[in-house]
Structures are given as structure tokens and as C-alpha cells.
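The values are calculated or read from the model by the stated rules, or taken from the named source; none is laboratory data. Since the structure is predicted, the reported quantities are computational estimates derived from the model, not experimental observations. With ideal geometry, Cβ positions are generated from the backbone for all residues, glycine too; neighbour counts draw on all protein chains shown.
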Amino acid sequence: MKKLFIAEKPSVADQFAEALDIPKRGGKYQHGNGYIESDQYIITWCVGHLVNLSYPEVYDPSLKKWEFATLPFIPKEWKYEVSRGTEKQFNIVSGQLNREDVDVIYIATDSAREGEYIYRLVDMMAGVDPKKERRRVWIDSQTKEEILRGIREAKPDSEYDNLSAAAFSRAKEDYLMGINFSRVISLKYRNRIRRELKLGQDERLIIAVGRVMTCVLGMIVKREQEIRSFQKTKFYRIAGEFGMGNDAKVSADWKPQETSRWYAPTDIYDGKGFLYQGKAVAFMKEFMPFP
């Protein structure tokens, strides 16, 4: 019987093959078949997500048309499908998972929630025998020593069921947010945006919304607005040069501290100095010259 390893990408599969001392052919591992095999081991790989959630039109063809009346879309039962462009590799991975001469599956996708999710989707879609042993390789790097430790200490994948459940929940939340908010925002604002951008009515316009994407875009917009609205502010630094003995000197700036009696939010600019020349002069008169 053989041990099957599922990596997240070909380069990681190569590192596992190296760690397991699988011989190379022509000085490298051949990827043409979609897997690497020796007398004891089989190593295959995903190419990112091989399976994803189905779009609304898979549930009902009428949902392909975007309308307010069909929102929100919240499926009662979730449907999944093989990701476009990955069918060949999915079939290869599925075939290896269901081989009768494989007695243990080592899950070697990234040691994180998303890596667990990538494998669980493939396992589910491939219809792998639930009785087949599955063990989780959890590692912090791809060194030979760490890979071998991860294989040696691999736990039953059932111990990661909570992590898997969290991944499935996160994916569904992202899906619901993206599908519903992208549609409602596009329907509500696309004509206005067309006018602003002077686009024709025949040009398709989609406003994409996503949990991460929209937040990052908001940060970019906020920063751009700050740059555009920036106005130069004159302030007065307190700077000095101090002798340290043996002819050594050091230059330093005074940094306002809230505990200082000279600190007043209305008088200080961005923790760098005084907003008003009079305040700076008064400060200098009190402390200068230093003894």
C-alpha cells in the first residue's frame, strides 16, 4: 500500500518529494502526469482552489439576471463545482485520492484555515471513502527536517474539524456579501457612475463588493483624499546641538510630551513642534542657554 500526499502547489510537492528521498528524473521532478510517484509514495497537488461555490444561476437560471426582486440570495443548500480551468488537475487529484492502493492520505496543503478548506473541498467533491485514513501535516516551513517532523507527528484530520468549519463559514459569508452587495450596489448606482465616467448605456458596469477588497479600497480612497486635501502647515521645531565631552556633539529635536507643562493640543503640531512662533520663543527663553 502507498501513502498519498496532497500539496497546495507543485513547488511544495517537490519539497515533499525531496524530503521523502523520491528519485528525480533528468535532474528534476516531472509534473506532466500531475503527480509524483515512487514505490512507497504518491505526491499530487492542487493549484490553489480546485473547487468553489456555485454562482446563483446554477441554482436557478433566472438568477443570472440581476434584479432587486431576487435579492438577497441566500441558498438553503450550498452547491459546489470544480473551478474553471482546473478540471484536469482536479480529476488527477480525485483519481489519486480514490486509488485502492492508497491506505493513508496525508494532507499537506498550507498549514492554515484556507489550506484546510482547499483540501476539504476536493475531498468532498471527489467523494473519497470516509473510512480512508486521513492525517494532517502541520508545519512551519518547508525544510526537510520540518517536513519529516510534520509527517511523523501528523494528527487525524478530524482534529481539525473546527478549523474546517470556520473556513466553510468564512467562505459562505464572503460569498453572500459579494453576490448580494455587488448586485444591489451595481443596480442602484451604475447609471450614476456611467454618467460620471461618461460611459455608454451599452457598456456593462459592475461594482464589485467584497469583505477584504472593499475595505482595502476604502483605505486607498481615504489616503488619496488625504493627499489631495493636504495643506502645508507652518510649525516651529525646537532643535539643538549638544556637546557630549571629548569634542563629541549630538543633534536632537525636542519632542512634546503630554506630561510637559508646555504641552497643549492646540499649540502643538503633530507631536513635532509649536504651531505658534511666540510659544517657541517663550520656550527657548526659559531654557536657553543651557548651562
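Picking from residues in the stretch 77-114 that are assigned to a loop (DSSP other than H, G, I, E, B) and in contact with a strand residue (DSSP E or B) (Cβ under 6 Å, 6 or more places away or on another chain), the one that is surrounded by the fewest Cβ atoms within 10 Å (Cβ to Cβ) is D101.
Among residues of the stretch 192-214 that are within 30 Å of E173 (Cβ to Cβ) and polar (S, T, N, Q), those with a Cβ under 9 angstrom from a residue that is surrounded by 11 or more Cβ atoms within 10 Å (Cβ to Cβ) and at pLDDT 90 or above, sequence gap 6+ or separate chain, pair up as T214/M177; T214/F181; T214/A208. Within the stretch 93-111, no residue that is more than 12 Å from V128 (Cα to Cα) and assigned by TED's automatic domain parsing to the domain that holds A17 sits with its Cβ atom under 8 Å from a residue that is of a type in the set (S, T, N, Q) and part of a loop (DSSP other than H, G, I, E, B) at 6+ positions apart or across chains. Out of E258, E286, one residue alone is assigned to a loop (DSSP other than H, G, I, E, B) and among the acidic types (D, E). It is E258.
Among the residues of the stretch 2-47, not one is modelled with pLDDT under 95 and either β-branched (V, I, T) or not assigned by TED's automatic domain parsing to the domain that holds R135 (or both).
Residues in the stretch 4-48 that are under 21 Å from E133 (Cβ atoms) and among the polar types (S, T, N, Q): S38, Q40, T44. Within the stretch 197-233, the set of residues being assigned to a helix (DSSP H, G or I) and of a type in the set (S, T, Y) comprises just one member, T214.
Here Q277 meets each of (1) exposed (fewer than 12 other Cβ atoms within 10 Å of the Cβ); (2) under 30 Å from S182 (Cα atoms) with one exception, condition (2). The residue pairs whose first member lies in the stretch 8-26 and is in contact (Cβ under 8 Å) with a residue 12 or more places away in the chain, whose second member is surrounded by 12 or more Cβ atoms within 10 Å (Cβ to Cβ) and polar (S, T, N, Q), and whose beta carbons are closer than 6 Å, counting only pairs six or more residues apart or on different chains, are E8/T109; Q15/Q142; I22/S38. Condition (residue is more than 30 Å from R113 (Cα to Cα), surrounded by fewer than 14 Cβ atoms within 10 Å (Cβ to Cβ) and among the polar types (S, T, N, Q)) applied to the stretch 191-200: is it met by at least one residue? The answer is yes, given that some residue of the stretch 191-200 is more than 30 Å from R113 (Cα to Cα), surrounded by fewer than 14 Cβ atoms within 10 Å (Cβ to Cβ) and among the polar types (S, T, N, Q).
Step by step: first the residues of the stretch 23-76, then only those that are small (G, A, S) and either in contact with a Leu (Cβ under 8 Å, 6 or more places away or on another chain) or in a loop (DSSP other than H, G, I, E, B) (or both), then the one that is surrounded by the most Cβ atoms within 10 Å (Cβ to Cβ). Which residue is that? Spell out how you get there, then give the answer.
Of all residues in the stretch 23-76, those small (G, A, S) come to 26-27, 32, 34, 38, 48, 54, 62, 69.
This time we only want the ones that are either in contact with a Leu (Cβ under 8 Å, 6 or more places away or on another chain) or in a loop (DSSP other than H, G, I, E, B) (or both), so: 26-27, 32, 34, 38, 48, 54.
Values: G26: 6, G27: 5, G32: 5, G34: 18, S38: 14, G48: 12, S54: 14.
The selected residue is G34.
Taking the stretch 221-245 as the range and being of a type in the set (A, V, I, L, M), surrounded by 10 or more Cβ atoms within 10 Å (Cβ to Cβ) and either more than 26 Å from T266 (Cβ to Cβ) or touching a helix residue (DSSP H, G or I) at 6+ places or on another chain (Cβ under 9 Å) (or both) as the test, the residues that pass are V221, I238.
If only one of I139, I179, I151 is touching a Lys or Arg at 6+ places or on another chain (Cβ under 9 Å), among the β-branched types (V, I, T) and in a helix (DSSP H, G or I), which one is it?
On the way: I139 fails: in a helix (DSSP H, G or I); I179 fails: touching a Lys or Arg at 6+ places or on another chain (Cβ under 9 Å).
Result: I151 is the single residue among I139, I179, I151 that is touching a Lys or Arg at 6+ places or on another chain (Cβ under 9 Å), among the β-branched types (V, I, T) and in a helix (DSSP H, G or I).
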